[in-house]
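Asks: My structure is below; once you've seen it, I'll send some questions.
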Amino acid sequence: MIRTTLLAATALAVPFAAFAQDDEETFGGAKGADLSIEAMEPESGDITIGRAGEYPADIARYLLASGAGAANLSPDGKTIAFAWDVTGESELWVMPATGGQPKQVTFKTGVFAPIWTPDGSSLFYSADKDGNEQPGYFALSADGMSETEVLPARRGDFRIFGDFASDGSFIYASTARGAGVFDIYRGTLDGESELIVQSELGLAARSISPDGKYALVTETVGEDADNLYLLDLATKEMTTISKPPVEDRASHTLGGFEWWPNSDGFYFSTNVGREYGGLAYYEIASGTFETVFEPDADVENLELCGPGPGGSYIFWTQNRDGFDSLGGWHTVEKRPIAMPDLPEGKYQLDCEGDGDLMIRVDGWQTPGEIWMTDPINGTAEKVFSANLAGLDPERLVRPQVVRYPARDGVELQGLLYLPEGAGTGENAPPVIFDVHGGPSAQSAATFEPVAQYHVARGVAVFQPNVRGSTGLGRSYATLDDREKRLDSVRDLVDLKNALAADGLIDGDRAAVLGGSYGGYAVNAVLAEYPGEFAAGVSLFGVADWVTALEIASPSLKASDRIEYGDIEEDEWREFYQVNSPIRKADQITVPVLYSHGVMDPRIDIYETEVMVKTLRANGVEAPFIRIPDEGHGWRKLSNQLFYYRKQAEFIEEQLGLIESD
């Protein structure tokens with residue numbers, strides 16, 4: 001992947017209030033960017049990326065490293081479709097499952113996930129406008145020669161695809177009714193669509209039984225849990241499979257759903273009644289489910305396949321501290337299946353036909369490679385290799401898992417990237433705290449180009465999994481709910497001080513960085529604990545929970561009431577009027593780099609703009625990067641190359657590694 005022209009920065013100063021979106025577009029409630037605020041925006045220009053073999057390498061090389069994104073096998077197991085951003089935007093590619101030259105089949109779409117139609121003749125995908133999350137649905141012939149628009153994009157219509165039935169119809173969730181909630185629809189490849197279940201808040205269609213009689217539907221309960229229902233597609237009646245009390249909420253979607261071929265039941269992963277997601281089986285006739293395998297780590301990525309009418313093998317992954325391991329079970333012979341050793345990281349599985357298992361690896365040494373394996377015969381072959389853009393994989397740093405107790409005794413966890421030969425004590429390196437979003441997410445051992453760049457330049461990077469993170473047990477994920485929100489912010493301070501006390505980092509030279517909810521965490525920790533961090537970087541983060549929760553997109557509102565409380569209730573409105581970063585912004589005294597996409601439908605750009613204006617009015621340095629053609633995150637390579645270079649320069653200046661201009 002080679003790029004010679006990129007985006008460079010220019011400062012925009014507009015003397016009057018202008019807005020970057022039309023009056024009808026809301027994107028979660030706002031009217032667009034306030035162009036009167038001085039900001040840097042991308043514009044075309046040349047860059048250099050340095051020479052291969054030069055170290056420390058230019059940040060562009062880390063960003064240019066690319067590999068396979070989401071991948072799926074065709075129903076006959078002969079072709080792999082996958083997403084790949086080698087062109088600068090994510091597009092769909094196809095290649096033989098035995099290996100060979102990949103072929104690009106979409107162009108200028110920004111699509112991230114290919115889905116095969118049941119007969120394998122076409123690829124189904126969704127594509128939105130610059131990250132506004134209001135997609136259209138399209139079908140593309142497998143050879144890329146014929147394409148049709150199945151369901152056009154509509155303003156305000158957020159959609160979540162579910163599954164195909166064997167007849168080619170499909171189920172999906174949509175806000176098309178205009179009530180701001182997700183209902184369940186059934187569509188066809190001919191463009192027809194029918195509302196089949198009306199929701200009060202947030203439903204999602206998940207899977208259709210092989211005989212086409214049933215669909216599995218979930219209802220969001222916070223960010224880390226859901227209720228599970230069985231929908232009769234003929235009568236449109238829903239039966240509750242599992243609906244734990246809200247105070248004991250649980251997830252049923254940790255590993256997807258794998259139906260028994262005769263539609264008698266299905267496998268899934270759930271943490272109902274336990275800390276970690278275990279393999280369970282639900283029987284339609286009896287209306288009950290039983291635990292098949294109860295592990296000490298979440299079971300994810302379920303796949304059922306193999307010869308015979310019932311399938312012979314079930315495969316899965318287990319997530320331990322952000323590193324996946326592979327598991328397999330022979331359903332006929334009732335014995336474990338020995339699994340291949342693959343590069344470390346996070347895995348995505350797909351299995352079709354007689355049992356050949358595709359595994360996509362996203363790991364700390366690879367941005368995405370694809371393996372075809374035959375676990376029964378003990379073979380594994382890499383059929384797609386990632387391109388590291390001239391970087392030496394042996395120079396990439398493996399993250400260390402660390403644990404420390406918080407001041408209230410809760411055990412905290414995170415991944416620590418230390419520079420090669422890093423000193424300790426007085427010689428310990430400066431550090432960047434990189435806080436994940438969510439909050440129900442997890443920092444894992446995936447390819448982290450920006451982290452690896454900083455580590456190569458002598459800066460440690462720590463990715464904390466503070467309370468509220470997933471992957472560390474069901475109880476842990478609930479420890480930041482509602483009035484406990486600031487406990488997770490305090491965890492950042494406790495972790496920094498613990499790492500410094502162990503001599504692993506220089507606690508006086510620490511910057512904190514995060515995007516989305518992580519951007520909120522940056523705002524909050526700088527306001528709540530002034531003096532703990534030397535600088536901050538907040539990407540599209542929340543400043544005022546009152547406004548953020550009021551205008552949240554449907555994708556977020558369905559979970560917000562459990563996670564944050566109902567902002568329509570006086571109790572929570574009063575709580576967030578006090579406990580929002582903007583209310584304590586006068587306590588932020590260190591420089592903060594802010595950034596936001598104009599098209600963001602999840603967190604309105606106003607949340608960043610108000611922080612920028614407030615800090616500047618207080619005499620605090622607050623540079624602002626505004627990206628017109630992005631939403632909630634940077635999808636386009638050109639914008640990534642522009643933004644992350646600016647971010648790296650800011651961090652290194654604030655930590656004293658380079659002189660400011």
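Asks: Taking the stretch 435-490, which residues are in a helix (DSSP H, G or I), of a type outside the set (Gly, Ala, Ser) and open to solvent by less than 10 Å² (accessible area, probe 1.4 Å)?
Replies: GLN452, HIS454, VAL455, ARG485, VAL489
Asks: Related question: Among residues belonging to the stretch 110-134 that are under 27 Å from LYS382 (Cβ atoms) and without any contact (Cβ under 8 Å) to a residue 40 or more places away in the chain, point out the one that is surrounded by the most Cβ atoms within 10 Å (Cβ to Cβ).
Replies: Among those residues, the one meeting the criterion is TYR125.
Asks: Also, quick follow-up: Hey, could you check the stretch 394-404 for residues that are in contact (Cβ under 8 Å) with a residue 40 or more places away in the chain and not in a loop (DSSP other than H, G, I, E, B) and say which is nearest to the chain's Cα centre (by Cα)?
Replies: Ranking the qualifying residues of the stretch 394-404, first place goes to VAL401.
Asks: Whether any residue in the stretch 173-189 is over 27 Å from the mean Cα position of the chain (by Cα) and on the phi > 0 side of the Ramachandran plot is what I want to check.
Replies: No, there is no match, as no residue in the stretch 173-189 is over 27 Å from the mean Cα position of the chain (by Cα) and on the phi > 0 side of the Ramachandran plot.
Asks: Moving to a separate point now. For the stretch 253-279, which residues satisfy the criterion of being within 22 Å of ASP324 (Cβ to Cβ), open to solvent by less than 20 Å² (accessible area, probe 1.4 Å) and in a loop (DSSP other than H, G, I, E, B)?
Replies: GLY255, ASN271, GLY277 - these are the residues of the stretch 253-279 that are within 22 Å of ASP324 (Cβ to Cβ), open to solvent by less than 20 Å² (accessible area, probe 1.4 Å) and in a loop (DSSP other than H, G, I, E, B).
Asks: While we're looking at this one, here's another question. Counting only residues that are at pLDDT 90 or above, open to solvent by 40 Å² or more (accessible area, probe 1.4 Å) and among the acidic types (Asp, Glu), how many does the stretch 11-53 have?
Replies: 1
Asks: Within the stretch 497-508, can you find the residues that are assigned to a helix (DSSP H, G or I) and either open to solvent by 10 Å² or more (accessible area, probe 1.4 Å) or hydroxyl-bearing (Ser, Thr, Tyr) (or both)?
Replies: Initially, the stretch 497-508 is screened for residues assigned to a helix (DSSP H, G or I), giving 497-501.
Within the stretch 497-508, ASN497, ALA498, ALA500, ALA501 meet the criteria.
Asks: Residues that are within 18 Å of LEU495 (Cβ to Cβ): find the strands (runs of 3 or more DSSP E) completely inside the stretch 509-603 holding 1 or more of those.
Replies: Passing ranges, in order: 510-515, 535-539.
Asks: Additional query: Which one is most open to solvent (accessible area, probe 1.4 Å) among residues in the stretch 581-607 that are charged (D, E, K, R) and either touching a residue at least 60 places away in the same chain (Cβ under 8 Å) or within 17 Å of GLY515 (Cα to Cα) (or both)? Spell out how you get there, then give the answer.
Replies: Initially, the stretch 581-607 is screened for residues charged (D, E, K, R), giving 583-584, 586, 600, 602, 604, 607.
With either touching a residue at least 60 places away in the same chain (Cβ under 8 Å) or within 17 Å of GLY515 (Cα to Cα) (or both) added as a condition, the list becomes 600, 602, 604, 607.
Numbers: ASP600: 2, ARG602: 77, ASP604: 17, GLU607: 2 Å².
Only one residue fits best here, namely ARG602.
Asks: Still on this model: Mind listing whichever residues of the stretch 53-83 are without any contact (Cβ under 8 Å) to a residue 24 or more places away in the chain and touching a strand residue (DSSP E or B) at 6+ places or on another chain (Cβ under 8 Å)?
Replies: LYS78, the sole residue that qualifies.
Asks: Give the number of residues within the stretch 406-434 that are among the aliphatic types (A, V, I, L, M) and part of a loop (DSSP other than H, G, I, E, B).
Replies: Applying the first criterion (among the aliphatic types (A, V, I, L, M)) to the stretch 406-434 yields 406, 410, 412, 415-416, 418, 422, 428, 431-432.
From the residues that got through so far, the ones that are part of a loop (DSSP other than H, G, I, E, B) too are 406, 410, 418, 422, 428.
Final tally of qualifying residues: 5.
Residues checked against (1) touching a residue at least 24 places away in the same chain (Cβ under 8 Å); (2) under 19 Å from LEU415 (Cα atoms):
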residue	(1), (2)
LYS484	no, no
VAL489	yes, yes
LEU513	yes, yes
VAL525	yes, no
ALA535	yes, no
PHE540	yes, no
VAL546	yes, no
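Asks: Please work out which one of (1) part of a strand (DSSP E or B); (2) buried (at least 22 other Cβ atoms within 10 Å of the Cβ); (3) not aromatic (Phe, Trp, Tyr) is the condition LEU391 fails and give its number.
Replies: LEU391 satisfies all of (1) part of a strand (DSSP E or B); (2) buried (at least 22 other Cβ atoms within 10 Å of the Cβ); (3) not aromatic (Phe, Trp, Tyr) except (1).
Asks: Also: Can you tell me which of LEU479, LEU472, LEU486 is more than 30 Å from LEU388 (Cβ to Cβ) and either under 20 Å from the mean Cα position of the chain (by Cα) or hydroxyl-bearing (Ser, Thr, Tyr) (or both)?
Replies: Residue meeting the stated conditions: LEU472.
Asks: Within the stretch 563-575, is even one residue among the charged types (D, E, K, R), crowded, with 20+ Cβ neighbours inside 10 Å and either within 26 Å of the chain's Cα centre (by Cα) or at pLDDT 95 or above (or both)?
Replies: Yes, the stretch 563-575 contains a residue that is among the charged types (D, E, K, R), crowded, with 20+ Cβ neighbours inside 10 Å and either within 26 Å of the chain's Cα centre (by Cα) or at pLDDT 95 or above (or both).
Asks: For the stretch 265-288, which positions are farther than 20 Å from ASP224 by Cβ and touching an Asp or Glu at 6+ places or on another chain (Cβ under 9 Å)?
Replies: GLY265, PHE266, TYR267, TYR281, TYR282, GLU283, ILE284, ALA285
Asks: Going residue by residue through the stretch 417-426, is there one that turns out to be of a type in the set (A, V, I, L, M, F, W, C) and open to solvent by less than 20 Å² (accessible area, probe 1.4 Å)?
Replies: No, every residue in the stretch 417-426 fails to be of a type in the set (A, V, I, L, M, F, W, C) and open to solvent by less than 20 Å² (accessible area, probe 1.4 Å).
Asks: For the stretch 196-252, give me each residue that is out of contact with any Leu (no Cβ under 9 Å at 6 or more places or on another chain), open to solvent by 40 Å² or more (accessible area, probe 1.4 Å) and farther than 17 Å from ILE160 by Cβ.
Replies: PRO210, ASP211, ASP232, ALA234, THR235, LYS236, PRO245, VAL246, GLU247, ASP248
Every residue, every condition in (1) surrounded by 18 or more Cβ atoms within 10 Å (Cβ to Cβ); (2) within 20 Å of the chain's Cα centre (by Cα); (3) β-branched (Val, Ile, Thr), yes or no:
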site: LEU63; (1), (2), (3): yes, yes, no
site: GLY69; (1), (2), (3): yes, yes, no
site: ASP85; (1), (2), (3): yes, yes, no
site: THR98; (1), (2), (3): no, no, yes
site: GLN101; (1), (2), (3): no, no, no
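Asks: For the list (1) at pLDDT 95 or above; (2) assigned to a loop (DSSP other than H, G, I, E, B), I need the number of the one condition that TYR282 fails.
Replies: Only one criterion in (1) at pLDDT 95 or above; (2) assigned to a loop (DSSP other than H, G, I, E, B) is unmet by TYR282, namely (2).
Residue-by-condition table, conditions (1) closer than 30 Å to GLU630 by Cα; (2) charged (D, E, K, R):
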| site | (1), (2) |
| --- | --- |
| ASP76 | no, yes |
| ALA81 | yes, no |
| VAL86 | yes, no |
| GLU89 | yes, yes |
| TRP93 | yes, no |
| PRO96 | no, no |
| GLN104 | yes, no |
| LYS108 | yes, yes |
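The values are calculated or read from the model by the stated rules, or taken from the named source; none is laboratory data. Because the structure is predicted, anything quoted here is derived from the model rather than measured. No Cβ is skipped: glycine too gets one built from the backbone with ideal geometry, and neighbour counts run over all protein chains shown. When the accessible area is computed, the model is the full protein with side chains, heavy atoms only, and any ligands, DNA or RNA have been set aside. Shrake-Rupley method; radii C 1.70, N 1.55, O 1.52, S 1.80 Å.
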